[in-house]
Amino acid sequence: MKHVLIIGSGISGMVCALRCAEHGIQVTLVSHVPSERSQSVMAAGGINAVLPDDETGDSIASHVEDTLKGGCGLGGKKAVEGLCTYGGEILQWLERIGTVFSVDDKGRPLSRAFGGQSHKRTYYCGASTGKQIVSALVMETRRFESAGLIRRRLWCCFHSALIKDGACYGAILFDEARRRLEAVYADAVVIATGGQNALFGKTTGSTQCDGYAAGKLFMQGAELKNLEFIQYHPTTMETPQKRMLISEAARGEGGRLFYRRNGRNIYFMEDKYGSGGNLMTRDVVSREIDALDEKIYLDISFLGKSVIDDRLPEIRDLCARYGGIDVTREPIPVQPSVHFFMGGLAVHLNHETNIRSLFAIGECASMYHGANRLGGNSLLAAIYSGNVAADEIAGRNDGGLHPDFRSALEHESKLLTRNMNTQSTYPVMYMRDMLAETMRTRLGIVRSEDNLKTGLTDIDFYLSIAERICYDSSVMPYFNYSLTAILTLARATMICAMARQESRGAHWRSDFPKTDEAYGSASIIAYDGGNYSVRLDKERRYES
Ligand SMILES: Cc1cc2nc3c(=O)[nH]c(=O)nc-3n(C[C@H](O)[C@H](O)[C@H](O)COP(=O)(O)OP(=O)(O)OC[C@H]3O[C@@H](n4cnc5c(N)ncnc54)[C@H](O)[C@@H]3O)c2cc1C
């Protein structure tokens, strides 16, 4: 029987596992925390789709057009067409497996508009869409777990892939309970490890998403794409632990951004862009806020208590609990913060990387969003990509025999034992904090050559000491062995941002403020024994 190893059990990982199991494939589903704690649970505002019985005048063609426009010329047309074509089917499937969507009095799912959309096509479950989808997927996964087709491996971390001669045969995992490394062989490995939030420390997302798998695979020969495109969400609320997302649903329902001057509220987005100003794409709104030296507020109070209670209860509760704000009476202080990564592992249309039998799906893969993602499209992409990879794997006839990786496992195990027994004076978590500070200050909403160069110098310094100081027995071994790969990913990101000498979507350069068609292709970065090489994918090799 075919065996697939899936690393990551958020929405994309679970969907891929389900589809593989439906194809009769044996699945091992690995994650360091339960699905209920994956970042997918945080998704708030909704998922985009055009329903087959749509009566609003929306169409798949306009969903494609909006997505490509939002991606500023870097989204692949074929890939986006596939994504949007299956939106309606995916939504209906989610309903069938028990996702509870908000509905109107006739029982039809309700939709709202997100930034950059020509129609209201974001379907939602209040403001807890991710939680509802994850719950339904967990229940569905259990059916196949009891049938023995899906085996969950919890509290397990990815260590490295088993790669030989350009093909992948499985992965080495770190089992936290047994505190040891283990080789798991598979006919295909699917990486579904989410974004790279932890590189930036405090973001809207989860620090579990640290980009380690992408960084490690990059060091093992996988190519990365469009790393410079990092989405700053314009409306987040500062708390001591993280930046709490004030979902775009708030602006989708009519919320207005403003600042105060001389006792007057200045609705700067409406003043500049007209009545749709508050719902401009996230890159545009974030840049407008960044350019103002003002305290920015988001007002939803005028919607009234009953609309807020009905449609935005999670935002009401979140503001009350974390900010002591009654949104029915007062505005929410907001600021932009790192939220989503358009870049990641470079994949072909079938979601295979440049390494045979190694796939990537969900937020860790770069495919649909180009230079800027539209809200509501990433849940759709997580589900769609999980299905695409599973169908591709099911249709393959290769697999079976694999090379012997025992000596590689022994070598890595020895290194890990040495790490676990070494004391460091420089805590590894301190290194992560320093990196986050560098990333936040050097890779902000607006970048420049000088700033990026300083960032690169900082990261080079961290890398030069990482191997010597990354051993700290007071933290999980994962934090120790992951440091170098995370720093390598950060370095690659900085290099990509320096190489793109133009402004496009979420990548804005003060020294190159114009979009330059010479850069109208995805950037691909490769690593060869310590050498990083960036190129533009002018032939669109990854889209065929
Ligand atoms: C606050 C917030 C709100 C959002 N709202 C929306 C929305 O309304 N609509 C929308 O479309 N998108 C939204 N997004 C984005 C969307 O939620 C994500 O892009 C999507 O859920 C990612 O799913 P995923 O399966 O790729 O990854 P994740 O859900 O992040 O899952 C990653 C999995 O990988 C595991 N993992 C990570 N590293 C390792 C490792 N080294 N070893 C083993 N396991 C590992 C984790 O434990 C987890 O199981 C939002 C994001 C945030 C942060």
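Applying the set (1) away from the ligand (no atom under 12 Å from the Cβ); (2) part of a loop (DSSP other than H, G, I, E, B); (3) crowded, with 23+ Cβ neighbours inside 10 Å to Ile163 leaves exactly one unmet item: (2). Would you confirm, using the coordinates I've provided, whether Pro34 is open to solvent by 40 Å² or more (accessible area, probe 1.4 Å) and out of contact with any Lys or Arg (no Cβ under 6 Å at 6 or more places or on another chain)? No; evaluated as a whole, the condition is false for this residue.
Please verify whether region 233-245 includes one or more residues that are of a type in the set (S, T, N, Q) and away from the ligand (no atom under 16 Å from the Cβ). No: region 233-245 contains no residue that is of a type in the set (S, T, N, Q) and away from the ligand (no atom under 16 Å from the Cβ).
Would you call Tyr297 assigned to a strand (DSSP E or B) and touching a strand residue (DSSP E or B) at 6+ places or on another chain (Cβ under 9 Å)? Yes.
Just give me the residues in region 166-181 being outside any strand (DSSP E or B) and either within 12 Å of the ligand (Cβ to nearest atom) or touching a Ser or Thr at 6+ places or on another chain (Cβ under 7 Å) (or both), in sequence order. Scanning region 166-181 gives a single hit, Glu176. As for region 181-189, it holds at least one residue that is in the same structural domain as Ser12 (by TED's automatic domain parsing), in contact with an Asp or Glu (Cβ under 8 Å, 6 or more places away or on another chain), within 23 Å of Val388 (Cβ to Cβ) and open to solvent by 20 Å² or more (accessible area, probe 1.4 Å).
Candidates are the residues of region 374-399 that are of a type in the set (D, E, K, R) and at pLDDT below 95; the one that is nearest to the ligand (Cβ to nearest atom) is Arg396. Only residues that are more than 9 Å from the ligand (Cβ to nearest atom) and on the phi > 0 side of the Ramachandran plot were counted in region 44-72, giving 2. Note on region 526-542: among residues that are under 15 Å from His348 (Cα atoms) and crowded, with 17+ Cβ neighbours inside 10 Å, the one that is nearest to the chain's Cα centre (by Cα) is Tyr542.
Only residues that are part of a loop (DSSP other than H, G, I, E, B) and either loosely packed, with under 14 Cβ neighbours inside 10 Å or within 16 Å of the ligand (Cβ to nearest atom) (or both) were counted in region 246-269, giving 7.
The residues listed here are Arg121, Arg37, Arg112, Arg108; of these, the one that is free of Cβ contacts under 8 Å to residues at least 24 places away in the same chain and not assigned by TED's automatic domain parsing to the domain that holds Arg311 is Arg108.
Looking across region 368-394, just one residue is more than 30 Å from His119 (Cβ to Cβ) and either of a type in the set (D, E, K, R) or open to solvent by 60 Å² or more (accessible area, probe 1.4 Å) (or both), and that is Glu392. Note on region 360-471: enclosed helices (runs of 4 or more DSSP H) holding 3 or more residues that are free of Cβ contacts under 8 Å to residues at least 24 places away in the same chain are 406-420, 449-469. Can you work out which of the residues in region 95-146 that are in a helix (DSSP H, G or I), of a type in the set (Ser, Thr, Tyr) and open to solvent by 40 Å² or more (accessible area, probe 1.4 Å) is farthest from Cys72 (Cα to Cα)? Going through the qualifying residues, I end up with Ser146. Of the listed requirements (1) in contact (Cβ under 8 Å) with a residue 40 or more places away in the chain; (2) touching a Ser or Thr at 6+ places or on another chain (Cβ under 9 Å), Asp516 misses just one: (1). Looking across region 51-88, the residues that are of a type outside the set (A, V, I, L, M, F, W, C), open to solvent by 40 Å² or more (accessible area, probe 1.4 Å) and either modelled with pLDDT of 95 or more or part of a helix (DSSP H, G or I) (or both) come down to Ser59, Glu65, Lys69, Lys77, Lys78, Glu81, Thr85, Tyr86. The single condition among (1) modelled with pLDDT of 90 or more; (2) of a type in the set (Val, Ile, Thr); (3) open to solvent by 10 Å² or more (accessible area, probe 1.4 Å) that Thr417 does not meet is (1). For region 205-232, the tally of residues that are among the polar types (S, T, N, Q) and more than 9 Å from the ligand (Cβ to nearest atom) stands at 4.
For region 497-511, the count of residues that are away from the ligand (no atom under 16 Å from the Cβ), part of a helix (DSSP H, G or I), within 25 Å of Tyr368 (Cβ to Cβ) and not aliphatic (A, V, I, L, M) is zero. For region 1-43, a residue qualifies if it is more than 6 Å from the ligand (Cβ to nearest atom), in a loop (DSSP other than H, G, I, E, B) and within 22 Å of the chain's Cα centre (by Cα), and exactly one does: Pro34. A single member of Val285, Val307 is over 20 Å from Leu318 (Cα atoms), of a type in the set (Val, Ile, Thr) and either under 30 Å from the mean Cα position of the chain (by Cα) or open to solvent by 30 Å² or more (accessible area, probe 1.4 Å) (or both), and it is Val285. Checking Ile300, Ile361, Ile315 one by one, the residue that is surrounded by 23 or more Cβ atoms within 10 Å (Cβ to Cβ), within 12 Å of the ligand (Cβ to nearest atom) and assigned by TED's automatic domain parsing to the domain that holds Arg256 is Ile315 and no other.
In region 270-288 there is no residue that is outside any helix (DSSP H, G or I), under 28 Å from Gly130 (Cβ atoms), more than 16 Å from the ligand (Cβ to nearest atom) and at pLDDT 95 or above.
The values are calculated or read from the model by the stated rules, or taken from the named source; none is laboratory data. Fair warning: this is a prediction, and the values are worked out from it, not measured in the lab. No Cβ is skipped: glycine too gets one built from the backbone with ideal geometry, and neighbour counts run over all protein chains shown. Side chains are part of the model used for accessible areas, which takes the heavy atoms of the whole protein and leaves out ligands, DNA and RNA. Shrake-Rupley method; radii C 1.70, N 1.55, O 1.52, S 1.80 Å.
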